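Inspection log for the structure reproduced underneath, given as structure tokens.
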Amino acid sequence: LLAVGLSMDAFAVSVSSGILMCHTKWTKSVKLAGAFGLFQGLMPVIGFYAGSLVGPFIETYAGIITFVILGFIGGKMLWDAFHEEPEEVFDKQAKLTIPVLFFQAIAMSIDALAVGVSFAALSLNIASAATLIGLTTALCCIVALIIGRHFGMKLGNKATIIGGIVLIAIGIKALFM
């Protein structure tokens, strides 16, 4: 249940990304799901071993960090939607660059880092927990990407606006959690 709970923000971002990537090859979708799963699985391990050093910082600033990253990416999407031709927006969004993928994956997995800190306090088996979290997230993201691609085909040019709003909304939610 924790793995599913941790994957819900990544699920929402994947729906948004699926909307934007509706005209791209599936390999990009698989990369996104794989990156989200990898970081969601890796971050609890980092939190587990570095818990005493960074735990208080993570708990204090996780929402702000997530808000800044997703707010920037979502804001950029909205800017592009209103200042460029629709075809240019889709071309830019379809290019899932490594920096964008990296920062989205980090933003989606900060809460998993904090969970890793609590795993250390509970003396849980971090290897099995992290593996389960990572696989669950990747599978949830694949489902979300399929849903997003379906709606992206129907929404057309409005997809970028919706995607940007979703990312900003998730960032705002993280700010108040």
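The values are calculated or read from the model by the stated rules, or taken from the named source; none is laboratory data. Treat the numbers as computed from the prediction; the structure is a model and nothing was measured. Cβ coordinates were reconstructed from backbone atoms using ideal geometry, including for glycine residues, and neighbour counts include every protein chain displayed. Just so you know, the surface numbers come from the protein's heavy atoms only, side chains and all, with ligands and any DNA or RNA stripped out. Shrake-Rupley method; radii C 1.70, N 1.55, O 1.52, S 1.80 Å.
With every protein chain left in place, what is the accessible area of I106 in Å² (1.4 Å probe, nearest 10)?
40 Å²
Working with all protein chains in place, sort T66, T131 by solvent-accessible area computed with a 1.4 Å probe, largest first.
Details: T66 10, T131 80 Å².
My answer, sorted largest first, is T131, T66.
If each residue of separation counts as 0.36 nm, what is the full-extension length gain between V100 and L135 once their alpha-carbon separation is subtracted?
10.5 nm
Points 7 angstrom from Cα along the Cβ direction at V143 and L38: gap in nanometres?
The modelled label-to-label distance comes out at 2.4 nm.
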